[in-house]
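Q: Please see the structure below; I have some questions.
The values are calculated or read from the model by the stated rules, or taken from the named source; none is laboratory data. Computed from a predicted structure; not experimentally measured. Ideal geometry is used to build each Cβ from the backbone, glycine not excepted, and the neighbour counts take in all protein chains shown. We work out accessible area using only protein heavy atoms, side chains counted, and drop any ligands, DNA or RNA first. Shrake-Rupley method; radii C 1.70, N 1.55, O 1.52, S 1.80 Å.
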Amino acid sequence: MSRFKTAEGKNLYGLMAEFDSPDKLVAACYSARDAGFRRLGAYTPYPIEAVWEAIDHHRSKLPLIVLAGGLIGAIGGFMLQYWTSVEVYPMNIGGRPFNSWVAFIVPAFETTILCASFAAVLGMFALNKLPHPYHPAFNVERFAEASRDRYFLLITTKDPDFDPVRAREVLERTHPVEINEVEE
Amino acid sequence: MADLSPDGRMGKPPVLAPGHTPATVTDHISAIVLRQTPRWWWVAFGISFLVMQLLLVGIAYLVFEGVGIWGVNNPVGWGFAIINFVWWIGIGHAGTLISAILLLLRQEWRTSINRFAEAMTLFAVACAGVFPLIHVGRPWLAYWLLPYPNTMGLWPNFRSPLIWDVFAVSTYATVSALFWYVGLIPDLATLRDRSRRRWKKIVYGFASMGWRGHAAHWHNYEVAYLLLAGLATPLVVSVHTVVSFDFAVGQIAGWHATIFPPYFVAGAVFAGFAMVLTLAIPLREAFGLKDFITLRHIQNMAKIMLTTGLIVGYGYLVEIFLAFYSGNQYEEFMILNRIQGPYKIHWWALLLCNVLAPQLIWVRRVRNSPWLVFLVAMFVNVGMWLERFVIVVTSLSRDFLPSSWGTYSGTRWDWAIYVGTIGLFLSLLFLFVRFLPMISIFEMRTILPEAKDVHKKTGKAQG
């Protein structure tokens, strides 16, 4: 339920400007922030560090998640081997100690990598809130070009200071190709 | 070569042909997937699919009859199954090397070959995985290899390299698949946006997880991708190391050697690059991808193949040297047996394929001719299979006691299953090039001048 309506009377999610170069998008991001907008969406066909810096950058939490995954894999993998080989199923193999920790390093290494990799992928999905099959941005027909060669800036109505007239003014000053209303 | 650098002498050919923009790159690569299926694809896929039936029939008969249909017996208990397993898993290594290690080393040219090299890794590991499973004799009990609570109260012996192999290979397959899928997500979004048919939009949209290219998403994405590369790098080295432990931990002369892990890893990369070249050269012709997979890629890969080939050649020398240096009569005999024993043809052929043939890469004219490089790569493909044959069979066939010597050769079923896995590999590959972008579209966009400029400008603004 939005406070604002589109020209056709539908609920408004935000205003989206289309740009034909990454530099224009970066400049527009700064203009929108200077105008006081905070809930911005910047969409690019490939990763551009400058855009991320322009909208709202904080360090990714992903490395910590991956570290946690790796530690769980390392400790879990070793403990599995220790528990089975020493506690529940001790076998004398050529007189080697039950806790053959040197030999256990190899599977423990593999479980470390396995759990850290899952943490990296699932952590990335979680931080990006994927899978996310529906998003209002997809209602804009031109948005299909965001995965080709166009750059988009979205100012959402979730912004506490959102005002459709002022948002349009700000976006118009940034030399966009076109500006579209985004239906919710 | 005529296509890109007119005389082949002045400087290096470019990584990407000039004149491309994000739009042309996107349209060119996605069109391969979205256009109508070319007729030759049906022919190629059909042949591969028929060849794959050899594998299916072979496995069906194997399950029905038992491993007696193979040539393995005492004293050679490891035959084609292990040779093919090591050969396939080695081939897979180049994909991970290109996608992970060359990424960390900032080798920009990897961008246009990493996607299908990773796909090749997955399919090669799939082919490799078939063999240990059917080699256990009762494949329906293969899950006993895994540690799981069971009513028998049994657990695997974690001191055995064979169990290490289970962990290494299954981790490798899983992580390669994750890495490949993560790399595909933005390109699946491109296909979703570019396809006109509704069902295609739904399928690609579902697979792309609703990727929108938000700047915050890209940020987490790049961190994830880099971390995966960092994790895959030690993993790929560990996999063939563990495979070599299957041999090196044994006491058989010719297996019990400390050089095995590095020698196996170099051999794996050598075989893998040969296979990437074997696939890349015809694919760039068939799909008109010479703008993206240029002579530069072929030259670079050929050079890596030559380098790793030299390491493998050094490995052969050290094996011979150590046999005599050890003063151990069994080791000495093992080498002499390889050179002049019943499998001498295999040994000499492997030297021709793996040591002599790659030396042609030193010649600039060979490096500049894709089809000559292709020819060398074919030699290496054969040579690396022979290498595994020589390692597995010569040592087992004549061990410590002459009274227990024997000979080995593959039966028609051995060959059927081996050739069948080549059919499986090619079938998977043809499905891949038909339904997924074989070149990473979003990464290609990042190496365009347009993308590089924006990085430079903001660098100044920041400073």
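Q: To two decimal places, what compactness ratio does the range A:62-127 give when its Cα radius of gyration is scaled by 2.2 N^0.38 Å?
A: Cα-based Rg divided by the globular estimate yields 1.35.
Q: A follow-up question, please. Please list B:Val43, A:Val140 from largest to smallest accessible area, probe radius 1.4 Å, with all protein chains kept in place.
A: Result of the area sort, largest leading: B:Val43, A:Val140.
Q: So which residues in the range B:176-221 end up with at least 40 square angstrom less accessible surface once the other protein chains are there, compared with the chain by itself, probe 1.4 angstrom?
A: B:Leu178, B:Asp193, B:Arg194, B:Met209, B:Arg212, B:His214, B:Ala215, B:His217, B:Trp218, B:His219, B:Asn220
Q: So which aspartates and glutamates pass the test for A:Lys5, namely a Cα distance under 13 Å, with those fewer than 8 places away in the same chain ruled out?
A: The qualifying aspartates and glutamates are A:Asp163, A:Glu181, A:Glu183, A:Glu184.
Q: Would you please give the FRET efficiency between B:Ile345 and B:Ala60, computed as 1/(1 + (r/R0)^6) with r the Cβ-Cβ distance and R0 = 30 Å, to the nearest 0.05?
A: Efficiency, rounded to the nearest 0.05: 0.35.
Q: Also: Can you pull the one-decimal nm distance between simple spin-label points at B:Leu146 and B:Trp199, each 7 Å off the Cα toward Cβ?
A: With each label placed 7 Å out from Cα toward Cβ, I get 3.3 nm.
Q: Further question on the same structure: Picking from B:Ala253, B:Gly341, B:Ala215, whose Cα lies most toward the positive end of the charge dipole for chain B (charges on Cβ: Lys, Arg +1; Asp, Glu -1)?
A: B:Ala215
Q: Under 12 Å from a label point 7 Å along Cα→Cβ of B:Gln251: give me every residue in the range B:372-411 with its amide N that close.
A: Counting only backbone N, you get B:400-401.
Q: Now, a different point. Residues of the range B:422-445 losing 10 Å² or more of accessible area relative to the isolated chain, 1.4 Å probe, heavy atoms only?
A: With the partner chains in place, the range B:422-445 has these residues losing at least 10 Å²: B:Phe442, B:Arg445.
Q: For the pair B:Lys12 and B:Leu105, what calculated FRET efficiency results from E = 1/(1 + (r/R0)^6), where r is the Cβ-Cβ distance and R0 = 22 Å, to the nearest 0.05?
A: Efficiency at R0 = 22 Å is approximately 0.80.
Q: Using a Förster radius of 51 Å, what is the FRET efficiency between A:Asp34 and B:Ser170 based on their Cβ-Cβ separation? Nearest 0.05, please.
A: Approximately 0.45, to the nearest 0.05.
Q: Rounded to two decimals, what ratio of Rg to Rh does chain B give with C-alpha atoms and a Kirkwood Rh?
A: For chain B, the value is 0.99.
Q: May I pose another question? Evaluate the range B:1-160: find the radius of gyration of its Cα atoms, find its Kirkwood radius, and give the ratio Rg to Rh.
A: 1.11
Q: Largest first, what is the accessible-area ranking of B:Trp413, B:Trp155 with a 1.4 Å probe?
A: Order by accessible area, largest first: B:Trp413, B:Trp155.
Q: May I pose another question? If you take the alpha carbon radius of gyration of the range B:350-463 and divide it by 2.2 N^0.38 Å, what ratio comes out, to two decimals?
A: 1.79
Q: Let me ask another. What's the buried accessible area, both sides, between B and A using a 1.4 Å probe, rounded to 100 Å²?
A: Approximately 5700 Å² gets buried when B meets A.
Q: Using θ = phi - 60° and the Karplus form 6.51 cos²θ - 1.76 cosθ + 1.60, what ³J(HN,Hα) does each residue of the range B:344-355 get, whole Hz, x for Gly and Pro?
A: 5, 4, 4, 5, 5, 5, 5, 4, 4, 6, 8, 9
Q: To continue, here is another question. Rounded to the nearest whole Å², what accessible area per residue is found for the range B:132-227 with the 1.4 Å probe?
A: Per-residue value: 44 Å².
Q: What trypsin sites (Lys or Arg not before Pro) in the range A:28-121 are in a loop by DSSP, with at most 14 other Cβ atoms within 10 Å of the Cβ?
A: Here the trypsin sites (Lys or Arg not before Pro) that fit, given the DSSP loop and packing criteria, are A:Arg59, A:Lys61.
Q: Let me ask something else. So for the range B:219-345, Kirkwood radius off the Cα pairs, Stokes-Einstein at 4 °C and 1.567 mPa s: how many µm² s⁻¹?
A: It comes out at roughly 74 µm²/s.
Q: Considering Cα pairs under 8 angstrom that are at least six residues apart, work out the relative contact order of chain B and quote it in whole percent.
A: With pairs under 8 Å counted, the relative contact order is 31 percent.
Q: Quick check for you: with a 1.4 Å probe and neighbouring chains kept, what is the accessible area per residue of the range A:62-127, in Å²?
A: In whole numbers, the range A:62-127 has 50 Å² accessible per residue.
Q: Here's something else I'd like to know. Students often get this wrong, so check it: of B:Lys12/B:Lys290; B:Lys201/B:Lys452; A:Lys129/B:Lys452; A:Lys24/B:Lys452; A:Lys61/B:Lys452, which have C-alpha atoms separated by over 20 Å?
A: B:Lys201/B:Lys452; A:Lys129/B:Lys452; A:Lys61/B:Lys452
Q: Where in chain A are the DSSP H helices whose alpha-carbon span along the long axis reaches 27 Å or more and whose Kyte-Doolittle mean is at least -1.0?
A: A:62-82, A:101-127
Q: Sticking with this one: Where a ≥ b ≥ c are the square roots of the eigenvalues of the C-alpha gyration tensor, would you call the range B:90-240 rounded, which needs a/c under 1.5, or, failing that, prolate if a/b is larger than b/c, or oblate?
A: prolate
Q: What translational D, rounded to a whole number of µm²/s, comes out for the protein assembly as shown from Stokes-Einstein when the hydrodynamic radius is the Kirkwood one over Cα pairs, at 4 °C and 1.567 mPa s?
A: Approximately 48 µm²/s, per Stokes-Einstein.
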